[in-house]
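Here's the structure, in structure tokens; my notes come after.
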Amino acid sequence: MGLRVLFCLQGEGRGHMTQAIALAGHLRAAGHDVVATLIGHAEHGTVPSFLGERLGCPLHAYESPDIKLSADARSVNLWKTTWSAARLSVRYAKGIRAIDTHIEACQPDVMVNFYEPLAGLRRNTSVPMVAIAHQHMFHHPRYPFTAGSRLERQGILLFTMLTSRGAARLLGLSFYEAENMPKKNLQVVPPILRREFFDLKPRRSEPPYLLVYLWRPKLVGEIIEWCEEHPRSRVHCFLSHPQKKKDDQVRDNLVLHHLDDQRFLEKMATCSGLATTAGFETTAEAMYLGKPLLMVPTHVEQQCNAMDATLLGGGYASNTFELERLEHFTPRDQSAFKAWVDRAPELFVGAIEEVAT
């Protein structure tokens, strides 16, 4: 008899969402059922319209803490993050109660948490939890956790520990295979990519274009400025901006798109290079497709992702969106990385089944 699985998901950025979509497909293929998804979002945040359809289960949203960036969106603002959490604590308490209520209503066999902090504060701990995030690799000696200041690293560690509080198993997403750490309940697993991703046929369109994904819309000014200076280069830029039309031609050579995950993948398959803020999922997808990759991290965690991918020869890091550098970069062969990614379905489903039983 299949398992009843409850997802809990942090709704900031596309990475955790695409991980949840991919895992839902693998679980259903193994005979299990994702009964609902609880999704936390920032104040004034929105849940992308594509998410409920792709997950194929009811969604229940509530407000949850998020990481606040500096005015230029280049680093974590610890004071602003802490003050926001304190100011909105009453709403977050409501979110914790919502999680407990849905656990009671859904009666799942296992709960899977994609880096949602309030899941670690749930009172109903009768259901075992599996915590999934690449941030759990912070505990692994092979991970290059050296970026940012000591205070920033301590802050992101505290946030990560909160998301995994009471978890029976930590699944640490990694670009490379590494030894498990049973004493920390840490199992190293590959990036988990959706099934439709593997149907993509990577190529370069004519005329060529560069693709950009921005985690924070504030950074779009840099892209507009670059396009003004390089009028012969074509750019498609995806960002989370509900007020934008589906296709917003802001310049002759620049189109802005509101975040649509399927359309983003289609554009990635045919682009001549990708620039991103070094989110784990987007970086993994670009490496798998062999696309030239420029990473412009905005905080500690993304800086670590950029270091990891650079060491593997998948791309290079920069402080600015120097898109012209994509035209002169050839990624290293990623055969070992692709073989590691291909093992994801069996490793994820097997780990969740072990914890549930």
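So, T298, is that one outside any helix (DSSP H, G or I), modelled with pLDDT under 95 and touching a helix residue (DSSP H, G or I) at 6+ places or on another chain (Cβ under 8 Å) or not? Taking the combined requirement at face value, the residue satisfies it.
Condition check ((1) closer than 21 Å to R54 by Cβ; (2) assigned to a strand (DSSP E or B); (3) outside the structural domain of L219 (by TED's automatic domain parsing)) across all residues:
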residue: L256; (1), (2), (3): no, yes, no
residue: R263; (1), (2), (3): yes, no, no
residue: E266; (1), (2), (3): yes, no, no
residue: A269; (1), (2), (3): yes, no, no
residue: A286; (1), (2), (3): yes, no, no
residue: K291; (1), (2), (3): no, no, no
residue: Q303; (1), (2), (3): no, no, no
residue: A306; (1), (2), (3): no, no, no
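Every test in (1) assigned to a loop (DSSP other than H, G, I, E, B); (2) surrounded by 22 or more Cβ atoms within 10 Å (Cβ to Cβ) is passed by H136 save one, and that test is (1). The residue list A351, A356 contains one member that is of a type in the set (A, V, I, L, M, F, W, C), touching an Asp or Glu at 6+ places or on another chain (Cβ under 8 Å) and touching a residue at least 60 places away in the same chain (Cβ under 8 Å), which is A356.
Every residue, every condition in (1) under 21 Å from the mean Cα position of the chain (by Cα); (2) at pLDDT 70 or above, yes or no:
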| site | (1), (2) |
| --- | --- |
| I39 | yes, yes |
| R54 | yes, yes |
| P65 | yes, yes |
| S75 | yes, no |
| R87 | no, no |
| I96 | no, yes |
| Q107 | no, yes |
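Scanning segment 163-218 for residues that are without any contact (Cβ under 8 Å) to a residue 24 or more places away in the chain, more than 26 Å from P144 (Cβ to Cβ) and crowded, with 16+ Cβ neighbours inside 10 Å turns up nothing. In this structure, D247 does not satisfy being of a type in the set (D, E), more than 30 Å from L158 (Cα to Cα) and touching a helix residue (DSSP H, G or I) at 6+ places or on another chain (Cβ under 7 Å).
Counted as qualifying within segment 158-243 are the strands (runs of 3 or more DSSP E) with 3 or more residues that are at pLDDT 95 or above and out of contact with any Lys or Arg (no Cβ under 9 Å at 6 or more places or on another chain), namely 169-173.
The values are calculated or read from the model by the stated rules, or taken from the named source; none is laboratory data. Being a predicted model, the structure only gives us computed values, none of them experimental. Cβ coordinates were reconstructed from backbone atoms using ideal geometry, including for glycine residues, and neighbour counts include every protein chain displayed.
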